[in-house]
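A short write-up of the structure that comes next.
The values are calculated or read from the model by the stated rules, or taken from the named source; none is laboratory data. Since we're looking at a predicted model, the values are computed, not measured. Cβ atoms come from the backbone with ideal geometry, glycine included; neighbour counts cover every protein chain shown. For the accessible areas, the whole protein counts, side chains as well, though only heavy atoms, and no ligand, DNA or RNA atoms are used. Shrake-Rupley method; radii C 1.70, N 1.55, O 1.52, S 1.80 Å.
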Amino acid sequence: MIFINLPVKDVARSTAFYETLGFTKDPKFSNEQASMMAWSDEIKVMLLAHPFYSTFTSKPVADAHATSQVLLCVSANSRAGVDAMVATAEAAGGLPDPGPTQEMGEMMYGRSFEDPDGHHWEVGWMNLDAMAEVPHQPIVEEA
């Protein structure tokens, strides 16, 4: 399993945002200071109020609206699913497309959104069958 811990200013508002996107709140691990939001059986997002988040680190909490600390990505089942999730995020108060659209024809498509606290989420679709037909090319050229 993976747990992604995100600092948020308003736990209730952030919980509602993620529920709108299809995450499920686990009340056993949620209170006024935190909400555990399940994306799947393996992926959980912990929404932690800033003061509570600060008990886990001595570093200052980053302002995700002003700095980039991480790019998070979830997959969609289709190109339409990518667009639908970004549209849902926008309707729930998120910022659509803070990053460039990733367009690779019939192989891959991706867009992004920011949650109300500025956390950057990518939503991607990949056609693995089409990708298998393309010769392997390294992402980074060898020196």
- request: Examine region 7-22 for a residue that is in contact with a Phe, Trp or Tyr (Cβ under 6 Å, 6 or more places away or on another chain) and either touching a residue at least 24 places away in the same chain (Cβ under 8 Å) or of a type in the set (Val, Ile, Thr) (or both), and state whether such a residue exists.
  value: yes
- prompt: Condition test on Gly105, is it more than 13 Å from the chain's Cα centre (by Cα) and at pLDDT below 95?
  reply: yes
message: Restricting to region 52-80, count the residues that are open to solvent by 90 Å² or more (accessible area, probe 1.4 Å) and either more than 27 Å from Met126 (Cα to Cα) or aliphatic (A, V, I, L, M) (or both).
response: 7
query: Do we find a residue being at pLDDT 95 or above, open to solvent by 70 Å² or more (accessible area, probe 1.4 Å) and of a type in the set (D, E, K, R) anywhere in region 81-94?
result: yes
- line: From the option list Val74, Val61, single residue qualifying as among the β-branched types (Val, Ile, Thr) and closer than 15 Å to Phe113 by Cβ is Val74
message: Tally up the residues in region 103-114 that are in a strand (DSSP E or B), surrounded by 16 or more Cβ atoms within 10 Å (Cβ to Cβ) and of a type outside the set (Lys, Arg), please.
response: 6
message: Just to be sure before I move on: is Glu32 modelled with pLDDT of 95 or more, assigned to a loop (DSSP other than H, G, I, E, B) and open to solvent by 90 Å² or more (accessible area, probe 1.4 Å) in the structure I sent?
response: yes
